[in-house]
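Each remark here refers to the structure printed beneath this line.
Please treat every number below as a calculation from the coordinates, not as lab data. Model, not experiment: these values are computed from the prediction. A quick note on method: Cβ atoms are made from the backbone with ideal geometry, for glycine too, and the neighbour counts reach across all protein chains shown.
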Amino acid sequence: MHARWNVNWFIHKNGIMSLLANENFPKASVLLLRNMNYDVLSIREDNPSISDTGIMEIAEKEQRIIVTFDRDYGDLIFRYNFKPSKGVIYLRIETFWRKEPAIHVHYLLNIMKVETDRRLTVFNETSVRQRKY
């Protein structure tokens with residue numbers, strides 16, 4: 001039994017963490033997260049070429065944590081006042097194996113147990129930083 005079942009702020013109504021994978025998030029990582037029982041909506045599969053603000057609207061409506069490689073989310077949150085309530089995880093890594101982003105997300109949510117609600121979480125190979133909004 002994974003610790004995630006006891007972390008209320010990540011729980012979707014059906015008991016599974018709900019994520020929204022931006023278009024730049026690798027398909028192999030989306031599939032791996034789904035295999036690890038995450039509820040992952042993939043922009044690449046469902047809404048290719050949608051705007052970042054459109055992604056935030058979907059995340060807010062469906063109460064999903066956004067996972068992305070796109071640095072623009074910091075500007076959207078702190079300059080333009082888009083504030084998805086479940087938060088954004090920005091993976092700031094340059095080169096990686098296709099499934100590696102899924103491992104990082106799982107690590108953040110289930111090993112480190114970071115709280116993402118109303119936070120921009122920035123992950124790189126050496127650190128994790130968070131900023132509340």
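Can you work out the Karplus-derived ³J(HN,Hα) for every residue in region 75-87? Use 6.51 cos²θ - 1.76 cosθ + 1.60 with θ = phi - 60°, whole Hz, and x for glycine or proline.
Along region 75-87, the couplings run 5, 4, 6, 8, 9, 10, 6, 7, 9, x, 5, 8, x Hz.
Ignoring everything except DSSP H segments at least 4 long, calculate the 222 nm mean residue ellipticity for the chain; use -39,500 (n - 2.57) per segment, divide by total residues, nearest 500. Please list the in-between numbers first.
On the way: 5 runs with 38 residues, N = 133.
Calculated at 222 nm, the ellipticity per residue is -7500 deg cm²/dmol.
What does the charge add up to near P26, with Lys and Arg as +1, Asp and Glu as -1, over the other residues with Cβ less than 11 Å from its Cβ? Before the final figure, lay out each step's value.
Values: positive: K27, R44, R98, K99; negative: E23, E100.
With Lys, Arg at +1 and Asp, Glu at -1, the net is +2.
Once you put a point 7 Å from the Cα of K132 and another 7 Å from the Cα of Y80, both along the Cβ direction, what distance in nm separates them?
Spacing of the two 7 Å Cα→Cβ label points: 2.6 nm.
Dividing the Cα radius of gyration by the Kirkwood radius, what Rg/Rh value follows for the chain?
Working: Rg = 13.4 Å, Rh = 14.6 Å.
My calculation puts Rg/Rh at 0.92.
Using unit Cβ charges (K, R positive; D, E negative) and no other charged atoms, how large, in debye to the nearest 20, is the dipole of the chain about its Cα centre? Intermediate results must be reported in sequence, preceding the final value.
Values: 20 positive and 16 negative charges, 84 e Å.
Approximately 400 debye in magnitude.
With no solvent and one equal point scatterer placed on each C-alpha of region 34-91, evaluate the Debye formula and give log10 I(q)/I(0) for q = 0.12 Å⁻¹, two decimals.
-0.27
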